[in-house]
Amino acid sequence: MVTTKSLRNFSVFILILIALSTINSCGSENKIDPGKIAEYNKPAVVYIETYWKGKVSFPEVQINQDALTRYARQIYSSRRMTEEQLIMELINEILNRPELYVVPNLNVMKEKEVISGASGSGWVVTPDGYVVTNAHVVKVDDDELKQMIIMQAFQEQINEDIQVTIGDLQQMGLTLSEEQRQKLANVYASFYARYMTLLTKPVIQTFVNLGAAIPGYGNVQKGYPAEIKKSGEPAPGKDVAILKINANNLPTVSISNDKVKIQDRVIAMGYPGVATFNPMLTQDQSNIVPTTTAGTISAFKKMGTGAWEVYQHDVAITHGNSGGPLFNEKGEVIGINTFGSGKYNSQTGSWEEVQGFNFAIPSTIVMEFLNELNVKPAQGKLTEMYKEAIDLYFDNHFEAAKDKFKEIYDASSSFPYVQEMKEKCVAEINAGRNVAMFPYTIVIAGAAVVLIGLLLALVVLPKMKKQTAVVLPSTGSVQVKVEEVKKISDTVENTAVKFCPNCGNKLQSGVKFCPSCGTKVA
């Protein structure tokens, strides 16, 4: 027999079940598995390319034939030598004293278009295409840019001229030593450094590349032309840039409002060049995916005049990580990876990186830039669905995850990685590793309905039975007499349905004995 006490105990059990479910859900939001953080945010961490295009002009390289002829006659008259020996002697003379023999042919001017560039990382903050990166990834000082264009053309032209010269000598049966090749490169370098000029103002173009799900090809990079909406100054300035691309339904990351502490665990994502384009790897777009590394916050250091701070951390990053996000353990961005540390090598004369001492600009600085543009970071519906699908995948609910990924794909076929993840789900299902989902939602919803019913039965209805409501007119002269009230009560009592106390048979009004069992009725 179910008693009121047992029903109350059951209701308490249901309340505890719902409370525990809520507690577990809240707890899971505090710290997330690093693998999940990577999968959650991979679609929104983008590869950024900036191209600089310019045109240079320079005269044709010419040999001063008169000066070289005089030298040839001088040495030939003093000693006998073969034609091959004479040619090598003349080559050495040119290489050792180029200022006497290498001259410009100003009647023949050449033009060369040069395309140079750099790459970095970034992250999408709104579904309609606002992207955060470093200023130095997309912005270069005008004078520095001119010099870079000339140096690029300079190097390309030197390499071309060296190959042509070596090819001509090989046809004559002559080969340059390594020392002679180096001298030849120096000759051309000196010439172009003196005579090469920039013809046009360099043009800068920036592209944001997102992974795109292409059936049959997996994930490939799709480039969107980007407009620089706002840019700070490269470090030690506030090295932040906000880009805008023309796209919708994009994956996004979330920005943290939490306080950062020393020794907090952090995760970096980005596209380091040494890993993304390692020559040992297959050179196709499917390998252009974010690299994830982890570490801790080491210190807070002041920048510039000391008005603001950066986070020092020991996460492994390098060239190409610039502009990429630094996440906390909740999978939210706390900073933007910006620069590392290095030292001068006196033996090689080069600047070498020192890992373990890297720096990120706090997300609070990023928010300053976004607020000035009136841009509010937001998470789109598809991003929410993608995270739900990743949760299902990590819990081995591959069938449910596949359906969720398909739902995302149907809404936006180019959403990054959904096609790849859907194929992974199918492979897991075919391998027999799918775990059927327990219907938590249905159970909790049903329990809530039962609980409401129990509360009504145990609390509300008993109170209603104990209360008698008499509603009197608020105005007028109507009076209720005691005799009339008694008459109404007797009528209700006489017309009420009665049942036999012995067998439960329904009795007609006024009978004294039950027609079914014969029991006397009061």
| field | Only one of D410, D403 that is within 30 Å of L243 (Cβ to Cβ) and free of Cβ contacts under 8 Å to residues at least 12 places away in the same chain | value | D410
| query | Among the strands (runs of 3 or more DSSP E) confined wholly to segment 254-325, which include 3 or more residues that are free of Cβ contacts under 8 Å to residues at least 60 places away in the same chain? | reply | 291-303, 308-313
| E89 out of contact with any helix residue (DSSP H, G or I) (no Cβ under 8 Å at 6 or more places or on another chain), in contact (Cβ under 8 Å) with a residue 12 or more places away in the chain and more than 30 Å from A118 (Cα to Cα) | no
| field | Selection count where residues are at pLDDT below 85 and surrounded by fewer than 15 Cβ atoms within 10 Å (Cβ to Cβ), scope segment 143-172 | value | 4
| Selection from segment 174-209 of residues that are in contact with a strand residue (DSSP E or B) (Cβ under 6 Å, 6 or more places away or on another chain) and within 30 Å of L243 (Cβ to Cβ) | L198, L199, T200, P202, V203, I204, Q205, T206, F207, V208, N209
| task | Sort out which residues of segment 405-419 are within 14 Å of Y393 (Cα to Cα) and charged (D, E, K, R), and write them in order of number. | result | K406
| field | Members of segment 141-186 found to be closer than 21 Å to V114 by Cβ, of a type outside the set (G, A, S) and in contact with a helix residue (DSSP H, G or I) (Cβ under 7 Å, 6 or more places away or on another chain), listed by number | value | F154, Q157, I158, D161, I162
| Just checking, which of V366, V333 is within 26 Å of K36 (Cα to Cα) and not in a helix (DSSP H, G or I)? | V333
| query | If you go through segment 234-248 one residue at a time, do you hit one that is farther than 22 Å from S119 by Cβ and not in a loop (DSSP other than H, G, I, E, B)? | reply | no
| Do you know which residues across segment 350-377 are surrounded by fewer than 14 Cβ atoms within 10 Å (Cβ to Cβ), modelled with pLDDT of 95 or more and over 22 Å from E309 (Cα atoms)? | L373, N374, K376
| request: Identify, from the list M81, M109, the residue that is modelled with pLDDT under 90 and of a type outside the set (K, R). | output: M81
| said: So if I check each of G223, G173, G122, G167, which one is within 17 Å of the chain's Cα centre (by Cα), farther than 30 Å from A307 by Cβ and not aromatic (F, W, Y)? | reply: G223
| query | Is it the case that A67 is small (G, A, S), at pLDDT below 85, assigned to a helix (DSSP H, G or I) and surrounded by fewer than 19 Cβ atoms within 10 Å (Cβ to Cβ)? | reply | no
| message | Can you tell me which of (1) buried (at least 17 other Cβ atoms within 10 Å of the Cβ); (2) part of a strand (DSSP E or B); (3) among the charged types (D, E, K, R); (4) touching a Pro at 6+ places or on another chain (Cβ under 7 Å) is the one K53 doesn't meet? | response | (1)
| query | Is it fair to say V203 is under 43 Å from the mean Cα position of the chain (by Cα), hydrophobic (A, V, I, L, M, F, W, C) and at pLDDT 90 or above? | reply | no
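The values are calculated or read from the model by the stated rules, or taken from the named source; none is laboratory data. Remember, predicted model here, so these are calculated numbers, not experimental data. Cβ atoms come from the backbone with ideal geometry, glycine included; neighbour counts cover every protein chain shown.
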